[in-house]
Amino acid sequence: MSESKSVPPELIAKLQKFDQIISKLEDAVEEIDVGVDKHFERTAHEMALVDSMSMFLMDTLLWTVQATKGGGADKNEELLIDMARTKRITNDMKEINLRQDAPRINKTAASNFVRNALWEAKDQGGDEKEAEKSKKPESS
C-alpha cells in the first residue's frame, strides 16, 4: 500500500480506543449473561443489582446508537426519561448497599449507655461537705 492511501495515525488511535471500550463492554455482558437457571439462584438483592446494571447497559447502547446516527441523547426524550429512571434505580440500589454494609446498633447497649451517661455519681469529697452542712444546722 502506498503512503498516500495509508490510514492516518489519529484514526488508528481512535479505533484502538473503540476496541478497548468494546472489549470492556463484552466483559460486562459476560458477567451478566450466566443463564436463566443461575440468574434465579441469586438472592433478590443480587437480581435487582443485575437488573439495574442491565438497564444501564441498554441505556448506554441506545445512547451509543443515537450518537452514531448524528443526534445526541438530549434530542431523544424517551431515552432521557429512561436514563433518569435508571439513574434513580441505581441510586436506590446504592442506598440499599450502604444500609446493608452499615453496622448494626445494639439497642439495649445504646439505651444503657444513654441512661448511664445521664446519671452522675456523687463525688466523695462532696459527700463529706454535705455531711458537714447537715451537722451544722443540727448543732444550732
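The values are calculated or read from the model by the stated rules, or taken from the named source; none is laboratory data. Note that the coordinates shown come from a computational prediction; the quantities given were computed from them, not determined experimentally. Ideal geometry is used to build each Cβ from the backbone, glycine not excepted, and the neighbour counts take in all protein chains shown. Side chains included, ligands, DNA and RNA excluded: accessible areas come from the protein's heavy atoms. Shrake-Rupley method; radii C 1.70, N 1.55, O 1.52, S 1.80 Å.
Of the residues that make up the range 35-57, is at least one among the aromatic types (Phe, Trp, Tyr) and over 26 Å from residue 98 (Cα atoms)? Scanning the range 35-57 turns up no residue that is among the aromatic types (Phe, Trp, Tyr) and over 26 Å from residue 98 (Cα atoms).
Once the range 10-63 is narrowed to residues that are among the charged types (D, E, K, R) and not in a helix (DSSP H, G or I), the residue that is most open to solvent (accessible area, probe 1.4 Å) is 33. The condition of being of a type outside the set (Val, Ile, Thr) and either under 22 Å from residue 29 (Cβ atoms) or modelled with pLDDT of 85 or more (or both) holds for residue 84. Among all positions in the range 1-23, there is no residue which is under 26 Å from the mean Cα position of the chain (by Cα), of a type in the set (Lys, Arg) and at pLDDT 85 or above. Among the residues making up the range 36-69, those that are over 19 Å from residue 83 (Cα atoms) and not aliphatic (A, V, I, L, M) are 37, 38, 39, 40, 41, 42, 43, 45, 46.
Across the range 64-81, the qualifying residues are those that are open to solvent by 80 Å² or more (accessible area, probe 1.4 Å) and farther than 22 Å from residue 92 by Cα, and the one among them that is modelled with the lowest pLDDT is 74.
Kindly establish whether residue 94 is modelled with pLDDT of 85 or more, part of a helix (DSSP H, G or I) and among the basic types (Lys, Arg). It is true that residue 94 is modelled with pLDDT of 85 or more, part of a helix (DSSP H, G or I) and among the basic types (Lys, Arg). Among the residues making up the range 92-111, those that are surrounded by 10 or more Cβ atoms within 10 Å (Cβ to Cβ) and farther than 15 Å from residue 46 by Cα are 106, 110, 111.
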